[in-house]
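Accompanying notes for the structure given below.
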Amino acid sequence: MEEKANINVVFIGHVDHGKSTLVGRTLLETGRIDKRTIEKYEKMGEKGKTFKFAWVMDKTQQERERGLTIEVTHQDFETKKNKIFIIDAPGHSDFVKNMITGASEADAAILVVAADDGVMPQTKEHALLARTMGLNQLIVAVNKIDLVNYDEKRYIQLEEQVKKLLKLLRWDVEEVPFIPVSAFHGDNVVEKSENLTWYKGPTFLEALDTLIPETRELDRPFRMPIDDVFHVTGAGTVVAGVVNCGKISVNDPVLIVPSGIKSEVRTIEQYHQRIQTAQAGNDIGINLRGIAVRDIHKGDVLCCMENPPANVKEFMANLTIFGHPTSVYTGYTPTLHVNTDHVACTLTEVVQKTDPHTGEITKNPTEIRNGETAIVRMKPVRPIIIEESSESARMSRFVIRDMRQTIGAGICVKIVETG
């Protein structure tokens, strides 16, 4: 039997549009969780009746009390062709930095849009972030179709709105499947629905089988941005994340950067299954030997001892500005998000910029306006781990945010200062 492809998929979209519910329903219908689990959540008070599927992924007390996803959570299941590793990202604007982490780990995105609400602020920002983080595959799930009485006209209207948005963000809309679903009731998630006889396309599960695995950087030195770190009784310190580059095996020596702390791999787990070796694209937990939780932080990078990445103090980037109300200039200090890290970073020099309409290049400009792309120098307030795009596509991408919104995105093209 042909081995199934591993694909990391991030669920994105506006708060309360049903991302976690769609995940929970899919896991139930594919047999990844059993019906008794859902029934248990349903009995857990009045809120459990509404959020019984969402609680499969939203496990913390704060998430369940507030009825929204805060942390990035992970789960897996299988389709006919693929092994899907789910990254359930928060939709609330307060937790966009967590959503960026989820997008940085993914190969493809599921944009969930509620049929009653339509396109909302985080619908736009998440679709933009997924694109700027390098994702090329997208599925749009038009959820809560039951709340508009399975109305075909409303679905067509919403599909046109979302396509218009995606075209502006440079998604190839001809390659994007649109799927009407009711995650809560199960319509068109795994099985065709009698309530949607007007819809002739694939179910949500069938659409997932159209995804293809991205090219992995297997021949690069091992890199794993750390998404979480915790203590497991009887085991010790465990770090979790998605392997961006290379491979890692049990008993391999490893380095944590930028701190420079050395350790060794005791065990590797992928969704509670012990494995001997992990490679680029795998979502894993690594039990480290002889190191305390307090010595590791989210945003650190676990790497091999040979050829580790440098601690970067300043770098040059190809930066595009698309969300600033006025313009960006030398001295501007937004928050830079790279892989799982986020840190204040100052624009120290604008070397040149390109006019998006004419292609004209301006040397040493005083500002960068929306839509313009520039070569810039950037200096974070502390050393970070970022690599040149010629070395690693995934380790070079970043976005910048300010005033609770995404301002721009770029890639590192040259490392200027290390230490």
Margin query: Looking at segment 113-136, can you tell me whether even one residue there is assigned to a strand (DSSP E or B), crowded, with 20+ Cβ neighbours inside 10 Å and at pLDDT 95 or above?
Written below: yes
Check: Out of segment 138-158, which residues are buried (at least 18 other Cβ atoms within 10 Å of the Cβ) and out of contact with any helix residue (DSSP H, G or I) (no Cβ under 8 Å at 6 or more places or on another chain)?
Finding: Lys144, Leu158
Next item on the list: Can you run down the residue pairs with Cβ atoms below 7 Å, 6 or more apart or on separate chains, where the first is in segment 384-402 and surrounded by 22 or more Cβ atoms within 10 Å (Cβ to Cβ) and the partner is of a type in the set (S, T, N, Q) and not in a loop (DSSP other than H, G, I, E, B)?
Entry: Ile386/Ser396; Glu387/Ser396; Val399/Thr132; Val399/Thr406; Ile400/Thr335
Notebook entry, point to check: Which ones in segment 331-366 are crowded, with 16+ Cβ neighbours inside 10 Å and more than 30 Å from the chain's Cα centre (by Cα)?
Noted result: Pro365
Note to self: I'm trying to understand the selection: among the residues of segment 1-30, which are out of contact with any Phe, Trp or Tyr (no Cβ under 8 Å at 6 or more places or on another chain), modelled with pLDDT of 70 or more and not β-branched (Val, Ile, Thr)?
What the structure shows: Glu3, Lys4, Ala5, Phe11, Gly13, His14, Asp16, His17, Glu29
Margin query: Looking at Val328 and the list (1) modelled with pLDDT of 95 or more; (2) surrounded by 20 or more Cβ atoms within 10 Å (Cβ to Cβ); (3) outside any loop (DSSP other than H, G, I, E, B), which single condition is not satisfied?
Written below: (1)
Check: Restricting to segment 189-247, what's the tally of residues that are in a strand (DSSP E or B) and surrounded by 15 or more Cβ atoms within 10 Å (Cβ to Cβ)?
Finding: 15
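The values are calculated or read from the model by the stated rules, or taken from the named source; none is laboratory data. None of the values given here were measured: they were computed from a predicted structure. Counting neighbours? That spans all protein chains shown, and the Cβs are built from the backbone with ideal geometry, glycine included.
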